[in-house]
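Q: Here you go, one structure.
Any read-out appearing in this document is the output of simple, stated calculations on the displayed coordinates, not a laboratory observation. For clarity, every value in this text was computed on a predicted model and none was experimentally measured. As a convention, Cβ positions derive from the backbone with ideal geometry for all residues, glycine included, and neighbour counts pool all protein chains shown.
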Amino acid sequence: MSNFTNAASITYGQGQRGPSVNTLIPRNKFNFKVEITYLGGATDSRKTLILEKISEIQMPGHSVKTQTLNQFNKKRTIQTGIDYTPISLSAYDTRDGEIEKFLVGYNNYYYSGPMSDNDEIMRDDIIDESFLGTGSSGRGLNLNTDRYYIINIKITRTSSTEDNNIIEIYNPIITNIQGDTLNYSESAPVQYRIDFTYEGYKTTTTKTTTNSNTTP
């Protein structure tokens, strides 16, 4: 076979020999795990939620903001900043309530209301004298010492023993929680879709060795 028709095999190291792991082939989508590090409630206490029951998560990305200026009779493009692309995560609503408990804890940290309303808060007290006197409805934003409930989200992709790719997403904030649609005619598992914005991310690949492209 000619080098031209065998280009893909050469590029991705399909013809290499020996017991070494081929790290040149593309990674698969399904080889990943997700961990969320968040505040555990006590001072300087952190917990890690290992999300093993999720269907998908979007990898982070970014776009560069540019502006075109005039330099006499020439056009010049300058960079003015970076916008991080929001990401989404879809998690199964399992019977142990793993993701539901996490979302309730997240909402209770920031707000009085979502996913945890009770009869006392929801009662009709618009014309109640106690409401007029205190000026408080028991709802709204909670003021906390720590700004971020979620410290980071870590995505680990492991294709082999010599390929570990780690993506760390810093200071993520949930912007949308969307429940699934229940339907008597379907038996598909119920999922939560969660959208995040964040302030930065880092990606690294460790324990990777370069294999030579050797053809037989």
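Q: What is the calculated FRET efficiency for THR145 to THR80, with r their C-beta to C-beta distance and R₀ = 35 Å, to the nearest 0.05?
A: 0.55
Q: I want to check the label-to-label distance for ASN183 and ASN171. Put each point 7 Å from Cα in the C-beta direction and report it in nm to one decimal.
A: Computed distance between label sites ASN183 and ASN171 equals 4.0 nm.
Q: Quick one: which residues, 5 or more positions from ASN164 or on another chain, have an amide H under 5 Å from its amide H? H modelled 1.01 Å from N in the peptide plane, none for Pro or chain starts.
A: Hits under the 5 Å cutoff: THR206.
Q: Each residue of the range 67-72 in turn: what ³J(HN,Hα) in whole Hz from Karplus with 6.51, -1.76, 1.60 and θ = phi - 60°, glycine and Pro shown as x?
A: Listing the rounded values in order: 9, 9, 10, 9, 10, 6 Hz.
Q: Among all the lysines, which ones have a C-alpha under 20 Å from LYS53's C-alpha, if same-chain residues fewer than 8 places away are not counted?
A: Partners within reach: LYS29, LYS33, LYS101, LYS154.
Q: Here is a further query. Extending each Cα 7 Å along its Cβ direction at LYS33 and LYS202, get the distance between those two points in nm, one decimal.
A: 2.1 nm
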